[in-house]
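Okay, structure first, notes after.
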Amino acid sequence: MKPTHLLFLFVLFTLASCKENKDTDVVQNAVEEVSETVADARTPAEKIAIANGEPAWNDVTSLRFTFNVDRGENHYQRSWIWYPKQNEVVKKAEGDENDIRYNRNEIDSSLTETDAAFINDSYWLLAPYKLKWDEGVQFSEPKKTEAPISKDQLWKITATYGDEGGYTPGDAYDFFYDDDYRIREWVYRKDNADEPSMMTTWEGYKTMKGLILSTSHKNPDGSFHLYFSDISIQK
């Protein structure tokens, strides 16, 4: 074969390779554009959940935690174990009581008070995820505004629960979060009233088994402190 033929074949091979690389780049760019579009299509509630580690929840087999409240000189606490895959809950014994173990799919009137306490306590710990999980919730459009406690400029969305179902129907929560979708403060408004029923900080963030959890909440004057201890996550 003459050198010119070799050169001709080399050029053809090079052009084919360039075309293949170009096609690969086009496909990769298209995939990236689709991924970005899908990400942008997520709601603010979904973005908050994902940014706080919600995808890691799929592997959780048990969650143990103690819910604590200090109000002035008074202290109160409740301890729980949740097996989410079986939807089983254990309320650990307090004083002379015995453990209460039940399945959330089989709740009767004798368990309503216990389950309401579990929903309250776990909501404080997992609210970023529950924004994605809970049904029958309406969300406002996000807007930048002054946060009520820190006075920082933060994003705000309001989650309003439906008038039926659940233990506190019709309640509203104003979530104030930063550009990283990390909640910094919130306001609870019972029955969607105009005036706040409670407002606290979201701080003391810890990363555990991929979950990013706020473990400390304080009201503006510091007289109320809600926090979590003895957190244990099994996968």
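Throughout, read-outs are computed from the coordinates displayed, never taken from laboratory work. Treat the numbers as computed from the prediction; the structure is a model and nothing was measured. Ideal geometry is used to build each Cβ from the backbone, glycine not excepted, and the neighbour counts take in all protein chains shown.
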Checklist entry - So what J values fall out for segment 114-120 if you push phi through Karplus, 6.51 cos²θ - 1.76 cosθ + 1.60 with θ = phi - 60°, rounded to Hz, Gly and Pro as x? => result 5, 5, 4, 5, 5, 4, 4
Item to check | Proximal aspartates and glutamates relative to residue 132, as straight alpha-carbon distance under 16 Å, when same-chain residues fewer than 8 apart are discounted | outcome: 40, 46, 54, 141, 174
Checklist outcome for this item: Amide H contacts under 5 Å for residue 208, restricted to residues at least 5 apart in sequence or on another chain and with H modeled in the peptide plane, are 213
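Can you give the extra length, in nm with one decimal, that the chain gains between residue 164 and residue 106 once fully stretched, where that is 0.36 nm per residue apart less the Cα-Cα distance? If you can, show how the numbers build up before the last one.
On the way: separation 58, 0.36 × 58 = 20.88 nm, distance 1.94 nm.
The residue 164-residue 106 span can extend by a further 18.9 nm.
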Checklist outcome for this item: Phi angles of segment 193-204, converted by Karplus (6.51 cos²θ - 1.76 cosθ + 1.60, θ = phi - 60°) into ³J(HN,Hα) in whole Hz with x for Gly and Pro, give 5, 5, 8, x, 8, 6, 9, 9, 7, 10, 8, x
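Kindly flag which residue pairs out of 47/85; 85/144; 91/190 have an alpha-carbon separation exceeding 28 Å in this structure. Provide the component values of the computation, followed by the final result.
Working: 47/85 23 Å; 85/144 37 Å; 91/190 26 Å.
Too far apart for the 28 Å limit: 85/144.
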Checklist entry - Once you list every other residue whose beta carbon is under 12 Å from the beta carbon of residue 185, what net charge do they have if Lys and Arg are +1 and Asp and Glu are -1? => result 0
Checklist entry - Roughly speaking, what is the stretch gain from residue 76 to residue 212, that is 0.36 nm per residue apart minus the C-alpha to C-alpha distance, in nm to one decimal? => result 46.5 nm
Checklist outcome for this item: Summing +1 per Lys or Arg and -1 per Asp or Glu among the other residues with Cβ less than 10 Å from residue 50's Cβ gives +1
Next on the checklist: For a quick check of your reading of the filter: which trypsin sites (Lys or Arg not before Pro) in segment 146-213 sit in a DSSP loop and have no more than 12 other Cβ atoms within 10 Å?
Outcome noted: 151
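What is the gain in length, in nm to one decimal, between residue 230 and residue 51 on full extension, counting 0.36 nm per residue of separation less the C-alpha to C-alpha distance? Spell out each step's value before the answer.
Values: separation 179, 0.36 × 179 = 64.44 nm, distance 2.35 nm.
Extending this stretch completely gives an extra 62.1 nm.
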Checklist entry - Using alpha-carbon positions, what is the distance between the centroids of segment 47-105 and segment 175-200, in Å? => result 22 Å
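Where does the charge balance sit around residue 87 when Lys and Arg score +1, Asp and Glu -1, over other residues with C-beta under 14 Å from its C-beta?
Working: positive: 85, 101, 104; negative: 88, 106, 115.
With Lys, Arg at +1 and Asp, Glu at -1, the neighbours total 0.
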